[in-house]
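Below is one structure. I have some questions about it.
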Amino acid sequence: MAVIHEILKEELERLYELQELYKNKIKDLSRGSVQEKDRNGKLYSYIAYRSGDSVKYEYIGKSSSDRAAQVKDQIKKRKEFELKLKQVRKDIKEIEKALK
Amino acid sequence: MDEAINLFKKVIRALHDNDILKDIIIVGSWCLYYYRIYFDETRHISPARTLDLYLMIPNPPKIDKDVDVNAILENQSFDLKFDYNTGYVKYVNPALTVEFLTPMLGRGKSGPYEIKELHVNAQGLRFLNFLQQYIVKIKDGDIEVTVPEPSAFVMHKFIISQRRKNKAKAERDIIAAKELGEYLLTIAKQKEKMIRIFKDVPEKWQDKIVSGVKGNSEELHKLLTSI
């Protein structure tokens with residue numbers, strides 16, 4: 001059992017490191033989600049994000065622009081990191097419980 | 001653990017599909033996964049392993065093509081983690097971490113070894129050439145992997161357990177080596193291989209192996225000191 005205990009401790013350290021990594025990566029990426037609005041037949045992109053009780057919109061540019069593609073990509077990556085962070089936090093909880 | 005095994009299998013499959021798995025040796029505790037297959041799912045080999053997958057690139061590498069392993073791992077949902085102090089790179093995922101190692105030869109060098117053909121860098125470690133020298137191919141379904149000979153794995157563990165700064169890791173090395181080593185003694189062919197490999201290594205290494213075995217496995221100590 002001592003081996004399992006040590007493996008769990010090592011795994012916990014690995015997960016703490018990952019938690020920090022994902023938090024830092026998320027910090028560097030755009031938050032919110034991209035929304036498109038149709039104006040006179042042309043699509044324009046906005047970042048929508050929650051600020052207190054209200055939702056704010058920040059103009060990005062034409063949906064076909066490089067900037068819009070870049071922001072969409074960043075938000076997609078951010079969501080992937082958020083999912084990974086969620087998984088890591090869940091695993092940390094389980095291991096901490098097992099090590100008690 | 002299921003997620004780790006699934007991801008591990010996906011990584012191995014991706015390396016196989018890119019025809020690069022044949023140039024890589026799996027080392028570390030994931031070898032035990034294959035040893036269990038090799039020895040017909042014996043319960044004498046513990047399924048316990050860490051979530052670090054170590055892939056060894058032989059030194060000198062004999063890779064005849066350019067494969068972007070970096071991209072392969074990113075496609076498997078790994079993120080690159082760069083250590084600014086050491087220059088080493090790890091590929092991380094909540095379920096598994098992948099690291100590349102390579103034998104450190106001669107005077108060695110500080111910092112990572114660049115494996116240009118694979119677009120990765122590897123950490124150089126002493127005594128890994130022992131593992132690259134004695135290998136065995138094991139089939140898992142339609143995939144053939146290269147791992148160290150079980151006897152070499154055991155002797156290497158006994159050597160490195162004495163070099164570890166982390167006591168808990170050293171103890172784990174000894175437990176894994178003793179468990180597998182004593183099991184190998186029950187199989188005549190494996191026992192012969194152990195003797196052959198032991199005879200083959202330099203005397204200095206033999207001394208290190210014996211000193212690692214001493215006090216940890218009476219059976220192995222008896223055999224190795226009688227050679």
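Counting each DSSP H run of 4 or more residues in the protein assembly as shown as -39500 (n - 2.57), what helix-only mean residue ellipticity at 222 nm follows after dividing by all residues, to the nearest 500 deg cm²/dmol?
-16000 deg cm²/dmol
With the crude spin-label approximation of a point 7 Å out along Cα→Cβ, what separation in nm comes out for B:ILE227 versus A:GLU17?
Calculated label separation equals 3.4 nm.
Which residue, B:ILE197, B:SER161, B:SER211, has the largest displacement toward the positive end of the dipole of the range B:150-227 when charges sit on each Cβ (Lys, Arg +1; Asp, Glu -1)?
Most positive-ward Cα: B:SER161.
Tell me, how many Å apart are the Cα centres for the range A:30-100 and for the range B:173-227?
Between the Cα centre of the range A:30-100 and that of the range B:173-227, the gap is 56 Å.
Now for a different question. Under the definition of Cα pairs under 8 Å and six or more residues apart, what whole-number percent is the relative contact order of the range A:24-94?
Taking the mean separation of contacting Cα pairs over the length of the range A:24-94, I get 29 percent.
Which listed residue (B:TYR134, B:VAL27, B:VAL147) has the Cα farthest towards the positive end of the charge dipole for the range B:1-148, taking +1 on Lys and Arg C-beta and -1 on Asp and Glu C-beta about the Cα centre?
Looking along the dipole axis, the top candidate is B:TYR134.
Please give the charge dipole size of the range B:1-95, origin at the Cα centre, charges +1 on K and R Cβ atoms and -1 on D and E Cβ atoms. Round to the nearest 20 debye.
280 debye
Next up: Pairing the Cα long axis of helix B:2-17 with the longest principal axis of chain B, what angle in degrees results, from 0 to 90 and rounded to the nearest 10?
70 degrees
Still on this model: Would you mind getting me the FRET efficiency between B:LYS165 and A:ARG39? Use the beta-carbon distance for r and R0 = 51 Å, nearest 0.05.
Computed FRET efficiency for B:LYS165 and A:ARG39: 0.20.
Report the label-to-label distance for A:LYS76 and B:TRP205 in nanometres (one decimal), using points 7 Å from each Cα along the Cα→Cβ vector.
About 4.8 nm, to one decimal.
Please determine, in degrees from 0 to 90 and to the nearest 10, the orientation of helix A:66-99 with respect to the longest principal axis defined by the Cα atoms of chain A, where the helix direction is its Cα long axis.
Approximately 20 degrees, to the nearest 10.
If exposed trypsin sites (Lys or Arg not before Pro) are those in a DSSP loop with at most 15 other Cβ within 10 Å, what is the longest stretch of chain B that has none?
By the stated rule (loop sites, at most 15 other Cβ atoms within 10 Å), B:166-213.
Take A:ILE4, project a point 7 Å from its Cα along the Cβ direction, then tell me which residues of the range B:176-192 have their backbone nitrogen under 13 Å from it.
none
Suppose every Lys and Arg Cβ carries +1 and every Asp and Glu Cβ carries -1, with no other charges. What dipole size does the protein assembly as shown come out with about its Cα centre, to the nearest 20 debye?
Magnitude of the dipole: close to 780 debye.
Could you work out the relative contact order of the range A:22-62? I mean the mean sequence separation of Cα pairs under 8 Å and 6+ apart, divided by the number of residues, in percent.
30 percent
How far, in degrees from 0 to 90, does helix A:2-27 lean away from the longest principal axis of the Cα atoms of chain A, to the nearest 10?
Orientation of helix A:2-27: about 20 degrees from the principal axis.
Just tell me how shielded B:210-218 is by partners: mean number of partner chain Cβ atoms within 10 Å of each residue's Cβ, no decimals.
0
Still on this model: Beyond a 31 Å Cα-Cα separation, which of these cross-linked pairs lie in this structure: B:LYS22/B:LYS191; B:LYS65/B:LYS139; B:LYS116/B:LYS193?
B:LYS116/B:LYS193
Rule-based calculations on the coordinates, nothing more; no lab input. Since the model is a prediction, treat every value here as computed from it, not as a measurement. Cβ atoms come from the backbone with ideal geometry, glycine included; neighbour counts cover every protein chain shown.
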